[in-house]
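The values are calculated or read from the model by the stated rules, or taken from the named source; none is laboratory data. None of the values given here were measured: they were computed from a predicted structure. We place every Cβ from the backbone using ideal geometry, glycine too, and count neighbours over all the protein chains shown. Each accessible area value is taken on the protein alone, full model and side chains, heavy atoms only, with ligands, DNA and RNA left out. Shrake-Rupley method; radii C 1.70, N 1.55, O 1.52, S 1.80 Å.
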Amino acid sequence: MQNQIKEQLRTLAERIAQTKGKIQSEEATKTAYIMPFLQIMGYDVFDPEEVIPEFTADIGIKANEKVDYALVLNGKPEILIECKKCSHDLNIQNESQLLRYFNVTKAEFGILTNGIQYKFYTDTQSPSQMDTEPFFSID
């Protein structure tokens with residue numbers, strides 16, 4: 001199983017290297033890179049009880065704030081994923097956007113990604129408050 005996951009990730013990485021110049025939007029990044037990554041990790045991206053696209057994370061008086069995906073475990077959103085276009089750098093503005101969503105939900109983890117880089121966050125410093133630095137990053 002572990003070898004199969006490694007091979008699937010290698011294949012996805014090769015596809016990304018070959019196609020990243022052709023991806024023109026955030027939506028295309030999600031479809032071509034992020035959804036396949038989630039599937040490799042064992043999530044059913046077509047099950048709305050497991051992967052919720054455009055999950056509402058209202059912030060104070062700002063209604064209809066949406067994080068790109070919420071991964072649901074035991075009936076509640078445990079992981080929030082904020083996505084950016086693959087050609088965009090992941091920066092402090094993106095991190096602060098994820099932080100706002102994270103801090104108003106009960107999620108345990110947050111992921112910021114452009115489909116190539118993934119930054120993983122949690123709340124080790126203060127409960128229910130996303131740490132300012134990722135605990136793990138992959139490229």
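A few notes on this one:
- When region 19-40 is filtered for residues that are within 24 Å of Ile5 (Cβ to Cβ), open to solvent by 50 Å² or more (accessible area, probe 1.4 Å), modelled with pLDDT of 95 or more and not hydroxyl-bearing (Ser, Thr, Tyr), only Gln39 remains.
- Options Gly115, Gly110: the member that is crowded, with 20+ Cβ neighbours inside 10 Å and not in a loop (DSSP other than H, G, I, E, B): Gly110
- The set of residues in region 121-133 that are open to solvent by 40 Å² or more (accessible area, probe 1.4 Å) and either at pLDDT 95 or above or part of a loop (DSSP other than H, G, I, E, B) (or both) comprises Thr124, Gln125, Pro127, Ser128, Thr132, Glu133.
- Against the criterion of being free of Cβ contacts under 8 Å to residues at least 60 places away in the same chain, polar (S, T, N, Q) and crowded, with 18+ Cβ neighbours inside 10 Å, Asn103 does not qualify.
- Residue pairs whose Cβ atoms lie under 8 Å apart, sitting 6 or more positions apart in sequence or on different chains, and linking a residue in region 5-32 that is closer than 13 Å to Lys85 by Cβ and assigned to a loop (DSSP other than H, G, I, E, B) to a partner that is aliphatic (A, V, I, L, M) and open to solvent by less than 60 Å² (accessible area, probe 1.4 Å), are Lys20/Ile116; Ile23/Ala32.
- Filter pass, Glu54 being in contact with a Lys or Arg (Cβ under 6 Å, 6 or more places away or on another chain) and either among the acidic types (Asp, Glu) or not in a helix (DSSP H, G or I) (or both): yes
- Test: residue in region 85-96 that is closer than 23 Å to Glu133 by Cα, open to solvent by 50 Å² or more (accessible area, probe 1.4 Å), of a type in the set (A, V, I, L, M) and out of contact with any Pro (no Cβ under 6 Å at 6 or more places or on another chain): yes
- Residue satisfying all of: in region 3-38; out of contact with any strand residue (DSSP E or B) (no Cβ under 8 Å at 6 or more places or on another chain) and among the β-branched types (Val, Ile, Thr); nearest to Asp68 (Cα to Cα) among these: Thr31
- Top-ranked residue in region 80-128 [being closer than 15 Å to Ile138 by Cβ and among the β-branched types (Val, Ile, Thr); ranked as farthest from the chain's Cα centre (by Cα)]: Ile116
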